[in-house]
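Trainee: I'd like to ask you about the structure that follows.
The values are calculated or read from the model by the stated rules, or taken from the named source; none is laboratory data. Keep in mind it's a predicted model, so treat the numbers as computed, not measured. Every residue, glycine as well, gets a Cβ built from its backbone with ideal geometry; the counts of neighbours run over all protein chains shown. These accessible areas exclude ligands, DNA and RNA; they are computed on the full protein's heavy atoms, side chains included. Shrake-Rupley method; radii C 1.70, N 1.55, O 1.52, S 1.80 Å.
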Amino acid sequence: MLGFCATALFAWPLVARAQQQGKIARLGYLGFGAPAASANRVEALRAGLRDLGYVEGKNLVIEFRWAGTVEQLNEAATELARMKVDIIFATSSTESEPARRATDTIPIVFATHADPESAGHVASLARPGGNMTGLADIQTVITPKRLEILKVVVPRATRFGVLWTPTAPSGRPFVQAAEATGGKLGLQLLTLSVSTVAEFEGAFAKMAHDRVGAVLVHGAALTARHNNPLLAELALKHRLPTMFGVRDNVVAGGLMSYAPDHLDLTRRAAVYIDKILKGAKPADLPVEQASKYLLIINLKTARALGLTIPQAVLRQVDEVIQ
């Protein structure tokens, strides 16, 4: 049995009446993890669509499919393809890959893809060339900066843990970027992969046992939206200063993150959806890269870890969580 939930926050009679009045766009939303963990992303996309005149039950239906594993994501994507939705929204590389496998004709829009070109999801950022396009948060661009900031915060540390997700197409490019930067910074890296939430605790215990001085977490769907408090709790439990890939982990108690505003990227994905619904082809819509990055620090967590954040870092901070 599939472990996903088909969610529609409207009544079918309302949809039926709307169908009689004109064409209704059908958007398939492919989500990884529990719906509650992605509620802010869903609302961001809905807000972007509302700004462009889309009203659910009137001229838009969103078919939600949620999955707890990559295997279930593949099944959910296949179901959306069978339903022949007009567009599939698959925010990151984790969701985009099952969507790509499910269809090469239905347009697919992503919002926070870590590396669409390396993953083979587009021919190039400027000319996607297929049925996929959207916005990207390029891991190979941002990973070096994350490591550099973390090194400044814990200058005496020479051994860092790197937690990554092999089921995400962005995983390998992330590790390669971390290794290249680690060499330049004189760091020894302990890389550990996790494919399920159940593996989080063992990974942190291993890093603590091997005496790493800090941890860099791959900004993948698994670590970004699955049980956000758990990673922060484990980092604090093992007293490991940790750099995350999304703000949510810092709000949950993690030390810091350096990343684009993923809610803003998700809201802006509505523009791609609108253009495609109006006749544009994904192949002709260039992928937009994130251009603004936010450094967020949880000072309460810093105090709990006995860390004093250097002024050089504090001057770069965009948001402080007390």
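Trainee: Would you please name the residue that is nearest to L263 (Cα to Cα), looking only at residues in segment 95-105 that are open to solvent by 10 Å² or more (accessible area, probe 1.4 Å) and not basic (K, R)?
Mentor: Of segment 95-105, the ones open to solvent by 10 Å² or more (accessible area, probe 1.4 Å) are 97, 100-105.
Cutting the leftovers down to not basic (K, R) gives us 97, 102-105.
On the way: E97: 21, A102: 26, T103: 26, D104: 27, T105: 27 Å.
If we take residues in segment 95-105 being open to solvent by 10 Å² or more (accessible area, probe 1.4 Å) and not basic (K, R), then E97 is nearest to L263 (Cα to Cα).
Trainee: From the residues in segment 34-44 that are open to solvent by 10 Å² or more (accessible area, probe 1.4 Å) and modelled with pLDDT under 95, which one is farthest from R267 (Cα to Cα)?
Mentor: In this case the residue turns out to be A34.
Trainee: Among the residues of segment 237-277, which ones are over 20 Å from T196 (Cα atoms) and either more than 20 Å from the chain's Cα centre (by Cα) or in a loop (DSSP other than H, G, I, E, B) (or both)?
Mentor: R239, L240, P241, G253, L255, P260, D261, D274, K275, I276, L277
Trainee: Give me a count of the residues in segment 231-265 that are open to solvent by 30 Å² or more (accessible area, probe 1.4 Å) and either closer than 15 Å to V141 by Cα or among the hydroxyl-bearing types (S, T, Y) (or both). Give the steps one after another, and end with the answer.
Mentor: First pass over segment 231-265, keeping only residues open to solvent by 30 Å² or more (accessible area, probe 1.4 Å): 233, 236-239, 247-248, 251-252, 258, 261, 263-264.
Going one step further and asking which of them are either closer than 15 Å to V141 by Cα or among the hydroxyl-bearing types (S, T, Y) (or both), we end up with 258.
Of the residues in that region, 1 qualify.
Trainee: Follow-up question, since we're still on this one. Any idea how many residues of segment 175-199 are open to solvent by less than 30 Å² (accessible area, probe 1.4 Å), over 22 Å from the mean Cα position of the chain (by Cα) and more than 16 Å from K145 (Cβ to Cβ)?
Mentor: 1
Trainee: Now for a different question. Scan segment 45-86 for residues that are touching a helix residue (DSSP H, G or I) at 6+ places or on another chain (Cβ under 8 Å), more than 25 Å from D264 (Cβ to Cβ), part of a helix (DSSP H, G or I) and open to solvent by 10 Å² or more (accessible area, probe 1.4 Å) and jot them down.
Mentor: V70, N74, T78, A81
Trainee: Condition test on G161, is it at pLDDT below 95 and either at negative phi or within 16 Å of the chain's Cα centre (by Cα) (or both)?
Mentor: On the way: at pLDDT below 95: no; either at negative phi or within 16 Å of the chain's Cα centre (by Cα) (or both): yes.
Spelling it out, it is not the case that G161 is at pLDDT below 95 and either at negative phi or within 16 Å of the chain's Cα centre (by Cα) (or both).
Trainee: For segment 295-316, how many residues are modelled with pLDDT of 95 or more and under 25 Å from T112 (Cα atoms)?
Mentor: 4
Trainee: Then there's this: Taking segment 123-146 as the region of interest, how many residues are closer than 12 Å to E288 by Cα and open to solvent by less than 30 Å² (accessible area, probe 1.4 Å)? Give the steps one after another, and end with the answer.
Mentor: Step one: filter segment 123-146 for residues closer than 12 Å to E288 by Cα, giving 124-128, 133-138.
Keeping just the survivors that are open to solvent by less than 30 Å² (accessible area, probe 1.4 Å) gives 128, 133-138.
The number of residues fulfilling the criteria is 7.
Trainee: Does A283 meet the test of being among the aliphatic types (A, V, I, L, M), surrounded by fewer than 18 Cβ atoms within 10 Å (Cβ to Cβ) and more than 16 Å from V217 (Cα to Cα)?
Mentor: Values: among the aliphatic types (A, V, I, L, M): yes; surrounded by fewer than 18 Cβ atoms within 10 Å (Cβ to Cβ): yes; more than 16 Å from V217 (Cα to Cα): yes.
Considered against the rule, which asks whether it is among the aliphatic types (A, V, I, L, M), surrounded by fewer than 18 Cβ atoms within 10 Å (Cβ to Cβ) and more than 16 Å from V217 (Cα to Cα), A283 comes out as yes.
Trainee: Also, I was wondering about something else. Scan segment 200-230 residue by residue and report those that are on the phi < 0 side of the Ramachandran plot, open to solvent by 60 Å² or more (accessible area, probe 1.4 Å) and more than 19 Å from the chain's Cα centre (by Cα).
Mentor: Result: E201, K206, H209.
Trainee: So which helices (runs of 4 or more DSSP H) stay within segment 87-200 end to end and still have 3 or more residues that are more than 23 Å from L265 (Cα to Cα)?
Mentor: On the way: elements: 93-102, 139-153, 171-184.
Hits in segment 87-200: 139-153, 171-184.
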